[in-house]
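Novice: Here you go, one structure.
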Amino acid sequence: MDRRRESRIEMALPVRIWGVDSYSRPFMHLASVRNISSLGAVLQNVRAKIKPGEMVDVQYEGQKAQFRVVWVGRIGTLEAGAVGLERLPEEPHIWNLDPARCGEVANG
């Protein structure tokens, strides 16, 4: 059984991500979204070494929002390069679609 609090939408969207890595060095590069929810997203192809709890900025189609890193895929596993993000409550929803409504359509 899925333990997630809400439905997710699988997709592939190009994003720009930036922040400070675990060595206190600034980074900025392109990554891609693997899935989204109204509370966050999973990115893949993240090259920077970042830690859970860090803040990162994500930009998609000119819109940007700040997210907290919740988990980071371990090197040597299928999740390597993946990062789970949680959108901060005061930040805008930048994906241009509502995951809750998409879930209703898919399940309805």
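The values are calculated or read from the model by the stated rules, or taken from the named source; none is laboratory data. In this text the structure is predicted, and so the values were computed from the model without any measurement. Note: ideal-geometry Cβ built from the backbone for every residue, glycine included; neighbour counts use all protein chains shown. The protein model used for the area step is the full one, side chains on, heavy atoms only, and it has no ligands, DNA or RNA in it. Shrake-Rupley method; radii C 1.70, N 1.55, O 1.52, S 1.80 Å.
Novice: Could you work out the pair-distance distribution P(r) of segment 16-99 from its alpha-carbon pairs, with 10 angstrom bin width and percents rounded to whole numbers?
Specialist: Final binned percentages: 19, 57, 22, 2.
Novice: With a point put 7 Å past each Cα toward its Cβ, work out how far Val70 is from Leu30 in nm, to one decimal.
Specialist: 2.7 nm
Novice: Now, a different point. On a 1.4 Å probe surface of the protein chains, which of Arg68, Arg74 comes out largest in accessible area, and what is the full order? Display every interim value, and only then the final one.
Specialist: Values: Arg68 80, Arg74 180 Å².
Greatest to least solvent exposure: Arg74, Arg68.
Novice: Okay, moving on. What's the FRET efficiency of Glu10 with Glu90 using the Cβ-Cβ distance as r and R₀ = 25 Å, to the nearest 0.05? Provide the component values of the computation, followed by the final result.
Specialist: Values: r = 27 Å, r/R0 = 1.08.
Computed FRET efficiency for Glu10 and Glu90: 0.40.
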